[in-house]
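Down below is the structure, laid out as structure tokens.
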Amino acid sequence: QVQLAESGGGLVQAGGSLRLSCAASGRTIRSYGMGWFRQGPGKEREFVAGINWNRAITGYADSVKGRFTISRDNAKNMLYLQMNSLKPEDTAVYYCAADSMGNSRWTVDDMDYWGKGTVVTVSS
């Protein structure tokens with residue numbers, strides 16, 4: 001079993017930045033595909049960014065391309081999301097997720113493990 005714990009959320013003004021972190025425990029995530037998802041008020045959970053096990057492949061939702069950067073440190077069992085130029089529409093609960101099969105599809109159904117989420121609120 002893998003436990004995931006997000007941190008780094010908060011309240012920020014539009015145009016500001018936040019860095020989310022996800023700490024994995026229970027076992028190494030070295031071979032896992034990892035992703036960030038978010039769920040805004042009244043919306044379904046959606047893909048934000050994904051990264052494969054060796055950082056060779058990354059993917060982003062069109063809405064965050066050029067503003068968000070996903071990274072990982074396998075030695076520390078950590079996943080990160082750097083969010084710049086934040087917009088009010090980025091307001092959501094952000095979730096870290098892991099795919100034990102190591103795929104790079106990054107769909108909700110592909111992810112086996114989920115954190116409890118961290119709240120990001122962007123004020124206008």
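The values are calculated or read from the model by the stated rules, or taken from the named source; none is laboratory data. The structure displayed is predicted, hence computed values, not measured ones. For neighbour counting, all protein chains shown are included, and Cβ atoms are generated from backbone atoms with ideal geometry for every residue, glycine included. Heads up: the accessible areas ignore ligands, DNA and RNA and are worked out on the full protein's heavy atoms, side chains in. Shrake-Rupley method; radii C 1.70, N 1.55, O 1.52, S 1.80 Å.
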Legend entry - Residues that are in a loop (DSSP other than H, G, I, E, B), open to solvent by 60 Å² or more (accessible area, probe 1.4 Å) and in contact with a strand residue (DSSP E or B) (Cβ under 8 Å, 6 or more places away or on another chain), drawn from the range 50-75: 53, 55, 57
Inset, instruction - Considering each residue of the range 33-49, count those that are within 22 Å of residue 103 (Cβ to Cβ) and either in a loop (DSSP other than H, G, I, E, B) or of a type in the set (Phe, Trp, Tyr) (or both), and give that number. - result: 5
Inset, instruction - Tell me which of these residue 99 doesn't satisfy, since it passes every other one: (1) out of contact with any helix residue (DSSP H, G or I) (no Cβ under 8 Å at 6 or more places or on another chain); (2) modelled with pLDDT of 95 or more. - result: (1)
Inset, instruction - Find all pairs meeting these conditions: Cβ atoms under 8 angstrom apart; at least six residues apart or on different chains; first residue within the range 57-70 and closer than 13 Å to residue 104 by Cα; second residue open to solvent by less than 70 Å² (accessible area, probe 1.4 Å) and among the polar types (S, T, N, Q). - result: 57/104; 58/52; 59/104
Inset, instruction - Considering every residue within the range 2-24, establish whether at least one is closer than 15 Å to residue 111 by Cβ, among the acidic types (Asp, Glu) and touching a residue at least 24 places away in the same chain (Cβ under 8 Å). - result: yes
Inset, instruction - Please find, within the range 1-48, the residue that is surrounded by the fewest Cβ atoms within 10 Å (Cβ to Cβ) out of those that are of a type in the set (Asp, Glu) and in contact with a strand residue (DSSP E or B) (Cβ under 8 Å, 6 or more places away or on another chain). - result: 46
Legend entry - Breaking point among (1) of a type in the set (A, V, I, L, M); (2) within 19 Å of residue 44 (Cβ to Cβ); (3) in contact with a Ser or Thr (Cβ under 9 Å, 6 or more places away or on another chain), for residue 97: (3)
Inset, instruction - Please state which of the following conditions residue 89 fails to meet, knowing it meets all the rest: (1) open to solvent by less than 30 Å² (accessible area, probe 1.4 Å); (2) assigned to a helix (DSSP H, G or I). - result: (1)
Inset, instruction - Answer yes or no as to whether residue 30 is basic (Lys, Arg) and in a strand (DSSP E or B). - result: no
